Amino acid sequence: MAECVTPKDPAPLWRQMGLKDEEYSMIVEKLGREPNYTELGMFAVLWSEHCAYKHSKSLLRTLPTKGERVMVGPGENAGVVDIGDGLACAFKVESHNHPCAVEPYQGAATGIGGIVRDILAMGARPVALLDSLRFGHLDDARTRFLFGGVVSGIAGYGNCLGIPTVGGEVYFQAPYRQNPLVNVLCAGIMDHKDLHKGQAYGVGNVVMIVGHSTGRDGIHGCTFASEELGEDTESKRPNVQVGDPFMEKLLIEACLEMMQKGAVVGIQDMGAAGITSSCAETAARAGTGLAIEVSKVPMREEGMTAYDVMLSESQERMLLIVKPEKVEEVKAIGKKWGLNAAEIGQVTGSGQLQVFHNGKLEASIPVNLLAEGSPVYNPEWKEPAYFSENQRFDYSAVKVPELKQFGEILLKLLAAPNIASKEPVFRQYDYMVRTDTVQGPGGGAALIRVKGTTKAMAIATDCNGRLVYLNPKAGAKWAVAEAARNVAITGAKPVAITNCLNFGNPEKPEIYWQFKNAIEGMAEACLALSTPVTGGNVSFYNETEGEAVYPTPVIGMLGVLDDVSKKVTPGFKATGDVIALLGTISGDAVSLAGSEYLETVHGAVAGCPRDPDLALEKSLVDVLVKAASEGLLRSAQDLSEGGLAVALAESCILAEKGADGAVIELGGTGCKAVADHRPDAVLFGECNSAVVVSLAEEDVSRLKEICGELGVPFGVLGKVSGSSSLRIESCMGTAVLDVQVSELRDVWKNGLLRAMAGDTARGTTE
């Protein structure tokens with residue numbers, strides 16, 4: 001007879017909801033009692049990593065957040081920056097990583113919806129979207145599924161909203177296979193006087209919910225986003241919200257009208273943790289309390305409990321704080337746009353978030369305890385073994401190709417998915433809607449015209465996770481520097497950043513070391529470049545079965561171009577123009593560390609990237625802005641993935657008709673014959689602070705003068721030709737490569753499509 005076995009007791013309820021034992025004990029101590037079921041759920045979502053930033057808060061406080069243009073910094077729904085003429089830009093980037101790993105279409109779609117509402121909550125009209133995406137290699141079927149679903153979700157939601165998707169970036173690298181990164185940046189424009197905040201001021205004011213009805217979708221979505229993915233990932237599908245872009249469009253117009261008519265005291269998006277977070281956060285910021293009657297919340301499902309309503313993450317909803325005399329006006333505007341606009345409670349002076357259901361008190365929690373009372377952790381950190389190994393990497397083991405191979409190497413790099421044209425992605429997006437897009441996807445930064453002015457905003461997202469992995473502090477500096485360069489090559493002055501910090505499990509010392517060093521690097525770079533941090537997002541636990549993604553601190557850089565007619569674009573413009581290099585190319589082996597060349601051609605992710613010269617980066621930005629303002633530059637392209645050769649190739653590919661050729665002398669790089677000087681490092685190295693520009697010959701002396709004044713090296717590389725070929729020569733006149741631009745254009749334009757079709761060859765070591 002078989003032995004009777006008593007099943008083990010299930011994990012305590014708080015653990016099932018994602019709370020640690022010590023956190024539960026803290027809740028009991030602070031409350032002076034045990035929480036009930038609804039209260040426990042409310043604590044679980046707001047004390048989740050996704051909402052509480054328990055493992056990052058202490059380090060985030062070290063970032064520079066003040067600046068002469070910063071109107072609103074971290075702590076609100078989005079940062080707000082003064083762009084002149086009484087106008088401001090609200091901008092922020094957030095992640096929707098875990099939802100996209102489970103349900104890529106809706107995960108991406110609702111990521112768009114959420115960040116748009118954050119911008120709306122500041123009183124701004126959303127005018128632009130950028131997407132920073134990371135996936136595994138395209139030879140993997142799951143990656144192709146995730147990639148296709150995410151891109152479709154972005155297009156399906158964003159296009160319906162009538163907000164142009166104007167830029168971003170896409171990388172394909174092995175560590176993102178199981179855990180894609182989907183970061184979305186939204187920017188909006190408003191008058192200074194229209195600035196709103198998520199604050200529940202005024203005892204007696206009415207709490208209203210506007211927008212979609214509330215269902216059971218997305219319950220514990222933020223808890224799901226605060227844990228590693230595993231074998232039960234598919235079971236988390238109910239945690240992913242379902243979006244309705246048409247409802248969101250109505251919500252945008254209704255809320256803007258309500259705010260412009262002075263009917264709104266405070267406004268807050270309902271995203272992660274739904275009504276719980278929006279109520280607790282608005283009350284905590286104002287030092288007030290709220291009393292909510294959940295039976296008054298418009299619901300689309302029967303039998304919903306207070307727990308269901310308070311934790312639902314149903315989309316397209318906003319919480320409003322409204323003066324009593326304005327309630328009917330808000331309802332009338334809601335009715336006009338076909339939206340629910342319901343009174344669900346009032347502001348109190350109790351300091352409590354009280355939740356009633358049909359008059360019965362279901363929860364009563366101090367708002368400060370709920371919104372700001374979670375523990376702050378300072379985990380142990382430990383330098384991972386791979387870091388010291390990278391520092392000792394023997395570059396001499398990387399064979400220098402023969403000169404005759406360089407043309408084929410350039411073609412291979414241009415075809416690599418990380419460098420090839422992303423047109424197969426962005427052609428699915430409507431990036432010209434609203435007619436303000438001056439430069440859309442495909443350039444270093446997007447340019448969006450500011451209606452009624454001569455201004456344009458330049459916005460770029462940047463981060464090479466491979467560099468950050470190999471050297472987190474230096475890699476984060478490079479991310480900030482490249483973002484600033486990409487804005488500056490348009491002629492715009494970089495003014496501020498937002499960020500989305502994507503890392504693995506912070507409770508692992510090696511991961512926290514990556515995070516700590518990346519924060520330090522970002523802080524140093526932002527100080528040097530005078531680009532304060534206005535806010536952003538932290539996404540931890542981007543791991544699947546113990547395998548973490550590359551540490552990926554995505555930088556969203558905002559720049560201001562005062563005169564849009566002075567914009568500078570990539571691509572050569574006229575035969576006979578001088579091609580020059582601003583900045584420095586080291587030409588040594590270390591510049592190959594973490595390069596696309598090293599991985600694509602030699603099959604290695606190795607080396608230790610050096611720190612950028614931040615003083616030089618600042619001066620380089622200043623040169624670009626000044627030169628553009630004087631109308632000196634015909635084109636500009638920064639050096640990033642693929643180095644100098646790829647920058648020159650792209651300048652030819654994107655050139656005006658009849659100006660798509662170039663003859664280049666490598667002596668203009670300024671590289672000196674040192675012991676470790678390598679031609680492949682000169683052409684394909686990536687750890688360089690440099691930009692390729694073209695200009696009329698008569699303007700060379702003035703540009704050289706500006707560079708001299710600001711301490712930026714200047715070198716003439718060659719001239720734009722009408723030969724329709726890219727010819728790169730050595731200092732002695734011997735051709736290193738000579739490739740027809742038509743061939744360069746073909747592999748670059750079709751590289752991503754061919755990779756998606758399975759035609760790819762990665763890491764072929766010679």
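Every read-out reported here was derived from the displayed coordinates using simple, explicitly stated rules and does not represent laboratory data. The structure displayed is predicted, hence computed values, not measured ones. Please note: Cβ atoms are built from the backbone with ideal geometry, for glycine as well, and neighbour counts cover all protein chains shown.
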The farthest towards the positive end of the charge dipole of segment 368-514, of the residues Asn378, Leu414, Met432, given +1 on Cβ of Lys and Arg and -1 on Cβ of Asp and Glu, is Met432
Residue separation between Lys57 and Arg434 times 0.36 nm, minus their alpha-carbon distance, gives in nm 131.9 nm
Counting only DSSP loop positions in segment 241-315, the trypsin sites (Lys or Arg not before Pro) whose Cβ has at most 15 other Cβ atoms within 10 Å are Lys261, Arg300
Taking placed amide H atoms and a strict 5 Å upper bound, the residues 5 or more places from His196 or on another chain that come that close are Gly123
In nanometres, the difference between 0.36 nm per residue of separation and the alpha-carbon distance of Ser629 and Leu527 is 34.3 nm
Quick calc: nm separation of the 7 Å Cα→Cβ label points for Glu709 and Glu34 -> 7.4 nm
Site Glu328, offset 7 angstrom along Cα→Cβ, radius 16 Å on amide nitrogen, limited to segment 336-353, gives 336, 343
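Rounded to a whole number of µm²/s, how large is the Stokes-Einstein D of segment 345-386 at 20 °C and 1.002 mPa s, given Rh as the Kirkwood radius over C-alpha pairs?
158 µm²/s
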One would report the Cα pair-distance distribution of segment 70-214, bin width 10 Å, in %, as 12, 36, 30, 17, 5, 1
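A 30 angstrom limit on the alpha carbon distance is what I want to check against. Which of Lys477/Lys719; Lys296/Lys336; Lys516/Lys618; Lys422/Lys493 exceed it? Don't jump to the answer; show the numbers that get you there.
Working: Lys477/Lys719 32 Å; Lys296/Lys336 20 Å; Lys516/Lys618 24 Å; Lys422/Lys493 26 Å.
Long pairs (Cα-Cα over 30 Å): Lys477/Lys719.
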A chain fully extended from Glu380 to Phe246 at 0.36 nm per residue, minus the present Cα-Cα distance, gains in nm 43.6 nm
Karplus-derived 3J(HN,Hα) from phi for segment 560-577 (6.51 cos²θ - 1.76 cosθ + 1.60, θ = phi - 60°), whole Hz, x at Gly and Pro, runs 10, 10, 5, 10, 5, 5, 8, 4, 10, 10, x, x, 4, 10, 8, 4, x, 4
Taking placed amide H atoms and a strict 5 Å upper bound, the residues 5 or more places from Asp660 or on another chain that come that close are Ser724
Here segment 484-491 yields Karplus 3J(HN,Hα) values (6.51, -1.76, 1.60; θ = phi - 60°; whole Hz; Gly and Pro given as x) of 5, 4, 5, 6, 5, 5, 7, x
Inverse of <1/r> over all distinct C-alpha pairs of segment 274-324, i.e. the Kirkwood Rh in Å, gives 12.1 Å
Over the chain, the sum of -39500 (n - 2.57) across DSSP H runs of at least four, divided by residue number and rounded to 500 deg cm²/dmol, gives at 222 nm -10000 deg cm²/dmol
So, over other residues within a Cβ distance under 14 Å of Arg702, counting Lys, Arg +1 and Asp, Glu -1, the net charge is -3
Whole-percent tail of the Cα-Cα distance distribution for segment 427-499, cut at 13 Å, equals 68 percent
For segment 381-463, the Cα-Cα pair-distance distribution in 10 Å bins from 0, as whole percents, is 13, 24, 22, 22, 15, 3
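Shape call for segment 373-532 from the C-alpha gyration tensor, a ≥ b ≥ c root eigenvalues: rounded (a/c under 1.5), prolate (a/b greater than b/c) or oblate?
Oblate is the answer for segment 373-532, as a/c is 1.5 or above yet b/c matches or exceeds a/b.
List the trypsin sites (Lys or Arg not before Pro) in segment 620-693 that DSSP assigns to loop (not H, G, I, E or B) and whose Cβ has at most 12 other Cβ atoms within 10 Å. Which are they? It would help to have the intermediate numbers written out before the result.
On the way: sites: Lys626, Arg634, Lys657, Lys672; in loops: Arg634, Lys657, Lys672.
Counting only loop positions with at most 12 other Cβ atoms within 10 Å, the trypsin sites (Lys or Arg not before Pro) in segment 620-693 are Lys657, Lys672.
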A student asked for the Cα radius of gyration and Dmax of segment 324-374 in angstrom ought to give 14.8, 41
Here D for segment 101-140, in µm²/s, from Stokes-Einstein with a Kirkwood Rh over Cα pairs at 25 °C and 0.890 mPa s, works out to 203 µm²/s
Ratio for segment 579-624, C-alpha Rg to 2.2 N^0.38 Å, reads 1.40
Restricted to the chain, the DSSP antiparallel beta bridge percent, nearest 5, is 80 percent
HN-Hα couplings for segment 328-343 via Karplus (6.51, -1.76, 1.60; θ = phi - 60°), in whole Hz with x for Gly/Pro, come out as 5, 5, 4, 4, 5, 5, x, 4, 4, 9, x, 10, 5, 9, 10, 7
Summed over the other residues with a beta carbon less than 14 angstrom from that of Val184, with K and R at +1 and D and E at -1, the charge totals -3
